[in-house]
Amino acid sequence: MNKIIDLRSDTVTRPSAFMREAIASAIVGDDVYGEDPTVNKLQEKMAKLTGKEAALFVTSGTMSNQLAIKCHTQEGDEIIVEYSAHIFQYETAGGSFISRVQIYPIPGKYGMMKLQDIEDAVRPDVYYFPKTKLICLENTHNRAGGSILGYNYITDVSALAKRHGIHMHLDGARLWNASIATGISIGEYAKHFDSLSICLSKGLGAPAGSVLCGSSEFIERARKYRKILGGGNETIRCACGCRIVCN
């Protein structure tokens, strides 16, 4: 019998037998009270891996990105993203719905916006303009065919952001792929961003989940907004032993 390989997306990867066994045997607790040792260990590991002070387990990459936008901005601010970025194309206008911010999309090549286009998009400090508060990059870039953003490009955008006092967030849903392909560590990529989101379900085979990483203060704010959005991450087990995240 021919085996069908589903290549629609790396989100349809399935947990291995080893991962299912680990899920079924994991010690669980109530993450709202900080009493889930498995989640705590995961968050500590991801914070160390990225070189950030803290990390927060969330249900999806979309939730992780939207929490980052919420924590970095205030209502009426503006964020800059590449036109084909997941945040702009596939997150159901979450930035405007949850954070009430305006998105400034810039067309790019292989997921990379021209530096001059970013520079031109930064709003002057005039009362009738929104305040440019955040630049979001995506690595690897989904709609750009899985393109890896150049490391020098990232450092240049980071320098531009610092010059203007703008925060940087990385949608690193597939950052594992970029790291393996380039040999550049996750931590080396992460140091150029104030926050980053990394998915566990894409390529790694986990059934669900992403991790948001940043400063301790940033993650505490994100934890509050996660709860508001129904992502308190209390856990239960289904009949097969898998952990199910609920609110």
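The values are calculated or read from the model by the stated rules, or taken from the named source; none is laboratory data. Note that the coordinates shown come from a computational prediction; the quantities given were computed from them, not determined experimentally. A quick note on method: Cβ atoms are made from the backbone with ideal geometry, for glycine too, and the neighbour counts reach across all protein chains shown.
Things worth noting here:
- Test: residue in segment 8-16 that is in contact with a strand residue (DSSP E or B) (Cβ under 7 Å, 6 or more places away or on another chain), of a type in the set (Val, Ile, Thr) and touching a residue at least 60 places away in the same chain (Cβ under 8 Å): no
- Residue in segment 1-32 that is surrounded by the most Cβ atoms within 10 Å (Cβ to Cβ), counting only those that are in contact with a helix residue (DSSP H, G or I) (Cβ under 8 Å, 6 or more places away or on another chain) and small (Gly, Ala, Ser): ALA26
- Entirely in segment 22-97, the helices (runs of 4 or more DSSP H) that have 3 or more residues that are touching a residue at least 24 places away in the same chain (Cβ under 8 Å) and within 13 Å of the chain's Cα centre (by Cα): 61-72
- The set of residues in segment 90-101 that are surrounded by fewer than 14 Cβ atoms within 10 Å (Cβ to Cβ) and either polar (S, T, N, Q) or touching a strand residue (DSSP E or B) at 6+ places or on another chain (Cβ under 6 Å) (or both) comprises THR92, SER96.
- Residues being at pLDDT 95 or above and in contact with a His (Cβ under 7 Å, 6 or more places away or on another chain) are represented in segment 170-184 by at least one member.
- Against the test of being out of contact with any Ser or Thr (no Cβ under 8 Å at 6 or more places or on another chain) and surrounded by fewer than 24 Cβ atoms within 10 Å (Cβ to Cβ), the options GLU35, GLU75, GLU53, GLU82 yield a single qualifying residue, GLU35.
- All conditions in (1) out of contact with any helix residue (DSSP H, G or I) (no Cβ under 8 Å at 6 or more places or on another chain); (2) small (Gly, Ala, Ser); (3) at pLDDT 95 or above; (4) surrounded by fewer than 15 Cβ atoms within 10 Å (Cβ to Cβ) hold for ALA47, with the sole exception of (4).
- Sub-9 Å Cβ pairs linking a first residue in segment 113-139 that is touching a residue at least 60 places away in the same chain (Cβ under 8 Å) and closer than 25 Å to ARG174 by Cβ to a second residue that is β-branched (Val, Ile, Thr) and surrounded by fewer than 15 Cβ atoms within 10 Å (Cβ to Cβ), at least 6 apart or interchain, number zero.
- In summary, GLY145 fulfils each of the numbered conditions (1) modelled with pLDDT of 95 or more; (2) part of a loop (DSSP other than H, G, I, E, B); (3) more than 30 Å from ARG226 (Cβ to Cβ); (4) under 20 Å from the mean Cα position of the chain (by Cα) with the single exception of condition (1).
- Flag if ALA239 is assigned to a loop (DSSP other than H, G, I, E, B), at pLDDT below 95, of a type outside the set (D, E, K, R) and buried (at least 16 other Cβ atoms within 10 Å of the Cβ): no
- Wholly enclosed strands (runs of 3 or more DSSP E) of segment 158-228 bearing at least 3 residues crowded, with 24+ Cβ neighbours inside 10 Å and free of Cβ contacts under 8 Å to residues at least 12 places away in the same chain: none
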